[in-house]
Amino acid sequence: MVKKKIPQQIHFEKPFPFDLYLPEGKGPFSLVCITPLLGRLMLFEDLSLERWFACFFAKRGMAAAVMARPIFEFNPARGLEQLQEYLDQSVNRNREILNVLMAQERIDAQKIGSLGISFGAVVNLLWAGTDPRLKAHVLALGGCHLADIFVTSRDPLMRSHFEAALRSQDCKPEELKARLEKIFLTDPLKIAADLSKEKILMVLAVFDRVIRFEFGLSLRKALGKPETVFLPLGHYTAILSAPFLRWKMLRFFEEKL
């Protein structure tokens, strides 16, 4: 059996730190922009899952970029508006990184796709609604109704943000949710109707307790019920399906790009 060579990895520091993985050859290559999940997987190096996907794509002829993602920390002194600001900054950061990527000679500027995981799926959907350069999207373990997600998520990191927000606002969860609904000016639900379901592949976990399955289903309905992989797993146990999902995603991008 012939082993595939390790893809070329290029690290960029500007406009933000990110990594580009390139296949062998001159190109130009289709590009997948991978936006990471919000926190870190236990026992794994940060961004290890995203880099694993990127290497897989690059070994099979498709360039991949792991986008920058500073870890969010809730600051009680800044108010709830910081949550919307972090979302806006994430979308703008991706857009600026793509500007750099499209200037690379080995990248085909007409064949750009996105892969977002968890929080990354939320960011990429908001990004897709304002950036026509993106032609196809894999939305894995995402959802809509951001205020509900923030209040109900069982993820330890999200719970810590939720509890910090409760303390800073000195209110009950129901009141916090109402305030958040006014704070979140952008929600995937508002973007969904403008996107073609033919260019979207969703991945949803039936037993997801981080971004509840119901919020994923609501987003799927708003998107017009695009092709979807339903996993009989939870948010983090969904990683068990990654060896299968990477092939499904690869075939999707090859077809759509």
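Name the single residue, out of those in region 8-52 being of a type in the set (Asp, Glu) and within 25 Å of Arg154 (Cβ to Cβ), that is nearest to the chain's Cα centre (by Cα).
Glu50
For region 77-110, what are the residues that are touching a residue at least 12 places away in the same chain (Cβ under 8 Å) and among the charged types (D, E, K, R)?
Matches in region 77-110: Glu81, Asp88, Arg93, Arg95, Glu96, Glu105, Arg106, Asp108.
Do you know which residues across region 1-28 are modelled with pLDDT of 85 or more and aliphatic (A, V, I, L, M)?
Correct list: Ile10, Leu20, Leu22.
To keep it simple, each residue is scored yes or no on (1) farther than 29 Å from Glu81 by Cβ; (2) touching an Asp or Glu at 6+ places or on another chain (Cβ under 7 Å); (3) among the aromatic types (Phe, Trp, Tyr).
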site	(1), (2), (3)
Ser168	no, no, no
Phe184	no, no, yes
Ala193	no, no, no
Val206	yes, no, no
Leu219	no, no, no
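Restricting to helices (runs of 4 or more DSSP H) lying wholly in region 111-184: which have 1 or more residues that are in contact (Cβ under 8 Å) with a residue 12 or more places away in the chain, surrounded by fewer than 23 Cβ atoms within 10 Å (Cβ to Cβ) and hydroxyl-bearing (Ser, Thr, Tyr)?
Per the criteria, 146-152, 156-169.
Scan region 53-76 residue by residue and report those that are part of a helix (DSSP H, G or I) and either under 14 Å from the mean Cα position of the chain (by Cα) or free of Cβ contacts under 8 Å to residues at least 60 places away in the same chain (or both).
Result: Phe53, Ala54, Cys55, Ala58, Lys59.
Picking from Leu49, Leu31, Leu37, which residue would you name as being modelled with pLDDT of 90 or more, closer than 19 Å to Val138 by Cβ and in a loop (DSSP other than H, G, I, E, B)?
Leu37
From the list Leu240, Leu233, exactly one residue is without any contact (Cβ under 8 Å) to a residue 12 or more places away in the chain and at negative phi. Which is it?
Leu240
Tell me yes or no: at least one residue of region 200-211 is under 16 Å from the mean Cα position of the chain (by Cα), at pLDDT 95 or above, assigned to a loop (DSSP other than H, G, I, E, B) and not acidic (Asp, Glu).
Yes, there is a match, as at least one residue in region 200-211 is under 16 Å from the mean Cα position of the chain (by Cα), at pLDDT 95 or above, assigned to a loop (DSSP other than H, G, I, E, B) and not acidic (Asp, Glu).
So if I check each of Phe252, Phe230, which one is aromatic (Phe, Trp, Tyr), surrounded by 19 or more Cβ atoms within 10 Å (Cβ to Cβ) and in contact with a strand residue (DSSP E or B) (Cβ under 6 Å, 6 or more places away or on another chain)?
Phe252
For region 212-240, give me each residue that is of a type in the set (Gly, Ala, Ser) and either part of a helix (DSSP H, G or I) or over 18 Å from the mean Cα position of the chain (by Cα) (or both).
The answer is Gly216, Ser218, Ala222, Gly224, Ala238.
The values are calculated or read from the model by the stated rules, or taken from the named source; none is laboratory data. Quantities reported herein were computed from a predicted structural model and do not represent experimental measurements. When we count neighbours, we look across all protein chains shown, and the Cβ atoms used for this are built from the backbone with ideal geometry, even at glycine.
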